[in-house]
Amino acid sequence: MSSNNPDAGTSPVPSEGKQAEQKVMISSYTILIVITLLVGVATIALAQVLPGVTAASLSDILTSPISGFLDGIEVSLFLLLLGGCLGIVNRLGALDAGIAALVRALHGHETVLIAAIMAVFAVMGSTYGFCEETIPFYALLSATLFAAGFDTMVASATVLLGAGVGCLGSTVNPFAVGVAIDSLSSIGIEANQGIVIGLGLILTVVSYLIALFFILRYANRVRRDKGSTILSLQEQAAAEEAYGTGGGQTVETLEFTPKRKVALALFGLSFVVMICGFIPWEDFGVGVFTVGGVYDAASETWTTLPWSGLLTGNPIGEWYFNDASVWFFIMAIVIGVLGGLRENEIVDGFLDGAGDMIGVALMVGLSRAISILMGETGLDVVILDSASAALAGTSALVFGPLCYLVYLGLSVVITSTSALATISMPILGPLAANLGFPPEVIIAIFCAANGLANLFSPTAVFLPGLLLARVQYPTWLKWALVPILVIAVASVVITTGALLVL
């Protein structure tokens, strides 16, 4: 997998007769900057007619991307260090050789891999909100599926829809379900978590089957005929440069030597440990990382063994991106040393890999600038209050779809799932209770709409992943529009039906 800027790939120089046929696509960076400017202008106009909205100043608009970058600095730094680790793996040729071996082993059964990966991501999304953590998998899966004859849109859809349908059907996700239940409980409304889990499972399974159908239909078409890809010539050239042949040597010619096997195994282990670190094990009653620890019955918490937090200071199960950054930095050195690289080769490989991630890291800040600007001007709260007023006095058949649309819009404005639950549940929860609707369904509507927004909103976390896969945002929307609409309709039918039955 060669090194290059995600937006730098261009198709070969065309002949004069073909130059007019090729169009240069607007980049995802520019799209986000334009949206930020439009939001800033909108607050200036709305401040004149809506109480509670403060007009954004020129400095507010110009500094919002910087504020967004600072807000997401942990994620950005993690991506740079992950890129460094990946650069060392690439320097050893371990990833290309391993992918070639995997493709040979799965020859004729690649679609099984797609379905399995989607299922794993869906489970992780449903149980603990596996979302931002998916970003590095776009590159890994792009390399694997590209070598198997697919395009990088297949890889992007597998990762994004896989984790997305899981978050959409959250069951015990502490950042969505947990915060929502707690917010309702704080105002005296108790929700039955068993019903929440049941609704989440139905939403997850139905959405997974819909997404899998559209992905496999497209994937099989692309493998039969490369010309049927939805990617532009620019994107195809960038994907070919990043994940296709390079330097006159194809990935099939690389020997999967013992050193490369060890390096790839350690790289895979790095991801396993990272995922284990992010999962809140104690919330699920799992004490595997607290063996030998002391349980405090009063606080219902474990005092973990020193080994569990030896590297980062936080035990497995309480990690966040700073901990993951430390972990991948350590593993980069370990992989380089065991792979037989010299000191200068380790440094050069690390810097090359981190350099490839700069554009992706900057995208994190741009994607957060919009929600920060809305929060600073009070536009997000005004939108929520207006939406709750519009829902008052409606029947189940009206309330269900409208509440879904309200949460869909709010999820674009307020990108933090836990923040949206904290802000909205004390307002929409009592409103639903007064209308006789069960709180469990309101939580399911919130999760379903919020999860769907994560599949298309420019303020969501998937744009850096698309850049790694060399897929532009407009291309993703063009491909994903139909499956997203089908999933949305299915979600509304399920949740509205639950309002009528429960």
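Laboratory data are not the source of any read-out in this text; all were calculated from the coordinates shown. All values reported here derive from a predicted model rather than from experimental measurement. So basically every Cβ, Gly included, is an ideal-geometry build from the backbone, and we count neighbours across all protein chains shown.
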Cα convex hull volume per residue for region 192-238, in Å³, equals 89
Mean Cβ-within-10 Å packing, highest first, puts peptides 67-80, 163-176, 180-193 in the order 163-176, 67-80, 180-193
Given 10 °C, 1.306 mPa s and a Kirkwood radius over Cα pairs, the Stokes-Einstein diffusion coefficient of region 401-502 in µm²/s is 110
The answer for the longest stretch of the chain without any exposed trypsin sites (Lys or Arg not before Pro) (DSSP loop, at most 16 further Cβ atoms within 10 Å) is 24-341
Quick calc of log₁₀ I(q)/I(0), region 155-201, Debye, one scatterer on every Cα, no solvent, q values 0.21, 0.22, 0.29 1/Å, result -0.71, -0.75, -1.01
extent check for region 84-123: Cα max minus min per principal axis, descending, whole Å, gives 30, 25, 7
Plugging the Cβ-Cβ distance of Ala119 and Leu351 into 1/(1 + (r/R0)^6) at R0 = 35 Å yields, to the nearest 0.05, a FRET efficiency of 0.45
Long-range alpha-carbon pairs in the chain, meaning those over 35 Å apart, account in percent for 36
tail above 22 Å in the computed P(r) of region 119-254, as % of all Cα-Cα pairs, reads 49
At R0 = 41 Å the Cβ-Cβ FRET efficiency linking Asp385 and Leu201, nearest 0.05, sits at 0.80
So, for the Cα atoms of region 91-150, Rg and Dmax in Å stand at 12.8, 36
Sorted by chain and number, the residues with a modelled amide H under 5 Å from that of Asn192, at a separation of 5 or more or across chains, are Glu440
